[in-house]
Amino acid sequence: MGTKSALITGVTGQDGGHLTKLLLEEGYEVFGVIRGQSNLKKDVFLQEFPAVTLIEADLLDSSSLIRAVEQSDPDEFYNLAAISHVGYSFKNPTLTLDTTGRGVLNALEAIRLTGRAEKTKFYQASTSEMYGGLDYNRPGLGYDENSLFHPRSPYGVAKLYGHWITKNYRESYGMYASCGILFNHEGERRGLEFVTRKITDAVARISLGLQDDVQLGDLWPKRDWGYAGDYVRGMWQMLQHPEPDDFVLATGETHSIEEFLTLAFAQIGIDDWSAYVKRNENFTRPAEVDILLGNPAKAEDMLGWRREVDFPGLVETMVRHDVARLSPGRSTVGGAV
Ligand code: NAP
Ligand code: F7E
């Protein structure tokens, strides 16, 4: 069989970077959808991944997606693009619906209308935010593929549409379309606006005397936090499975933001972090997801997926990366900020 081709939307995001690296290592010809007019963004991306062909397109523009699919003629289409920040989605709910919800339909239609329903395998980036973390629907062993959904944000609601329209295209048109229901995954490519990276960036700055404290919202919420590199491997494994299906990827452990702070500050020798963390109401949300815990048994059994990085290892990697990045005379590692 010849070289496989893959089209990735959201290629400039955290998972896009990890997935590009993996697919290039696996010998794929990789095409990435890049939005906007900025040449700088393209240049920065191509500096790290010169082998990738970038295609200017946008999830909001159906015709641009049709062009992207025609140009790349992909064996595998990974739809990672989204408005992905939960707090931002409350402030921009319509944009979130259009991008994170309707954008999935636009991507599926681009495959179908170009006559590739039988050729192109589709991956949809579904999320644990669809579960909502409320008492009544919280299973003891963690959420799995059959758990009830009760999204708690415009982001979660839009993702639920993306999830169901993907399943609908699988059932209606026989498309190979799979949803990965991924719990939080983090790492050195994580955007600085997400809580883990905001903390590790601040901890590094505090240790280097560049910053006095960090302003955060609620600290009690718990998340099932894994490493993004492990999770993109799971995405790829899903599309290698003989049948399309939906899979949860998670660690099966849950930890509060307070626990994350304790491990992160311990990396720079601070045991009591209370003086360095200030509460700022601007970082709270109109509705919170209190606790998320996932059960990855199906992916482990059917795909042989395993996560390699544990919670302390994740925090240590992120703090070390940010200290190195911000230290005088040190430059950025790879494409990570
Ligand atoms: P991310 O870092 O926020 O990346 C989002 C990407 O989407 C960026 O490349 C962004 O491009 C692109 N994008 C946004 N709007 C677009 C549009 N209208 N057209 C084309 N591209 C657009 O997200 P991530 O953490 O890598 O997550 C990848 C996917 O998995 C997302 O769909 C996210 O919702 C989902 N997910 C993430 C997690 C997690 O814990 N990370 C868990 C479950 C599901 P710009 O660079 O131009 O902004
Ligand atoms: O918040 C609390 C916040 O924004 C985690 C996305 O990738 O994972 C991510 O969504 C928790 C929440 O991630 C701050 O209220 C406190 O309880 O890092 P986050 P998220 O909302 O869990 C899911 C699975 C996705 O699918 C999403 O795309 O931390 N929190 N203080 C804060 N959060 C932020 N961002 N900033 C704070 O200052």
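The table below lists the values:
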{"item": "Cβ-Cβ under 7 Å pairs, at least 6 apart or on other chains, the range 199-221 side acidic (Asp, Glu), far side at pLDDT 95 or above", "result": "ASP201/LEU192; ASP201/ASP322; ASP213/TYR276; ASP213/VAL277; ASP213/LYS278; ASP218/THR284; ASP218/GLU288"}
{"item": "Residue that is farther than 16 Å from LEU7 by Cβ and either touching a residue at least 12 places away in the same chain (Cβ under 8 Å) or not aromatic (Phe, Trp, Tyr) (or both), where the choices are ASP98, ASP61", "result": "ASP98"}
{"item": "Within the range 65-101, tally of residues that are farther than 17 Å from MET130 by Cα, outside any helix (DSSP H, G or I) and among the hydroxyl-bearing types (Ser, Thr, Tyr)", "result": "1"}
{"item": "Those residues of the range 137-163 which are in a helix (DSSP H, G or I) and within 16 Å of ligand 2 (Cβ to nearest atom), in sequence order", "result": "PRO154, TYR155, GLY156, VAL157, ALA158, LYS159, LEU160, TYR161, GLY162, HIS163"}
{"item": "Cross-chain or 6+ apart pairs with Cβ under 8 Å, the range 280-302 first and more than 12 Å from LEU219 (Cα to Cα), then among the basic types (Lys, Arg) and surrounded by fewer than 15 Cβ atoms within 10 Å (Cβ to Cβ)", "result": "GLU300/ARG306"}
{"item": "Residue match in the range 107-120 (condition: at pLDDT 95 or above, within 19 Å of the chain's Cα centre (by Cα), hydrophobic (A, V, I, L, M, F, W, C) and away from ligand 2 (no atom under 14 Å from the Cβ))", "result": "yes"}
{"item": "Residue in the range 285-294 that is within 30 Å of SER89 (Cα to Cα) and either at pLDDT below 95 or not in a loop (DSSP other than H, G, I, E, B) (or both) present", "result": "yes"}
{"item": "Within the range 195-208, considering residues that are more than 8 Å from ligand 2 (Cβ to nearest atom) and of a type in the set (Ser, Thr, Tyr), the one surrounded by the most Cβ atoms within 10 Å (Cβ to Cβ)", "result": "THR200"}
{"item": "The range 199-258: number of residues that are charged (D, E, K, R), over 22 Å from ALA299 (Cα atoms), in contact with a Leu (Cβ under 8 Å, 6 or more places away or on another chain) and not in a strand (DSSP E or B)", "result": "3"}
{"item": "Pairs where the first residue, in the range 314-332, is at pLDDT below 95 and the second is buried (at least 16 other Cβ atoms within 10 Å of the Cβ) and assigned to a helix (DSSP H, G or I), C-beta under 7 Å, 6+ apart", "result": "THR332/ARG325"}
{"item": "THR9 vs. criteria polar (S, T, N, Q), surrounded by 24 or more Cβ atoms within 10 Å (Cβ to Cβ) and more than 9 Å from ligand 1 (Cβ to nearest atom)", "result": "no"}
{"item": "Filter result for the condition that a residue is at pLDDT 95 or above, touching a helix residue (DSSP H, G or I) at 6+ places or on another chain (Cβ under 9 Å) and either within 25 Å of GLY234 (Cβ to Cβ) or not hydroxyl-bearing (Ser, Thr, Tyr) (or both), over LEU24, LEU80", "result": "LEU80"}
{"item": "Cβ-Cβ under 7 Å pairs, at least 6 apart or on other chains, the range 8-33 side among the charged types (D, E, K, R), far side in a loop (DSSP other than H, G, I, E, B) and within 16 Å of ligand 2 (Cβ to nearest atom)", "result": "ASP15/LEU80"}
{"item": "Scan of the range 105-136 for residues that are in a strand (DSSP E or B) and of a type in the set (Gly, Ala, Ser), ordered by number", "result": "ALA125, SER126"}
{"item": "Total residues in the range 1-41, condition part of a loop (DSSP other than H, G, I, E, B) and among the charged types (D, E, K, R)", "result": "3"}
{"item": "Matching residues, the range 42-63, being more than 16 Å from ligand 2 (Cβ to nearest atom) and either buried (at least 18 other Cβ atoms within 10 Å of the Cβ) or in a strand (DSSP E or B) (or both)", "result": "PHE45, PHE49, VAL52, THR53, LEU54, ILE55, GLU56, ALA57, ASP58, SER62"}
{"item": "Options LEU182, LEU192: the member that is more than 8 Å from ligand 2 (Cβ to nearest atom) and either surrounded by 22 or more Cβ atoms within 10 Å (Cβ to Cβ) or at pLDDT 95 or above (or both)", "result": "LEU192"}
{"item": "Any chance GLY180 is outside any loop (DSSP other than H, G, I, E, B) and within 21 Å of THR20 (Cα to Cα)", "result": "yes"}
{"item": "Per-region count, the range 155-168, residues surrounded by fewer than 24 Cβ atoms within 10 Å (Cβ to Cβ) and away from ligand 1 (no atom under 11 Å from the Cβ)", "result": "7"}
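The values are calculated or read from the model by the stated rules, or taken from the named source; none is laboratory data. Nothing here was measured: the structure is a model prediction, and the numbers come from that model. Neighbour counts are summed over all protein chains in view; Cβ atoms, including those assigned to glycine, are modelled from backbone coordinates with ideal geometry.
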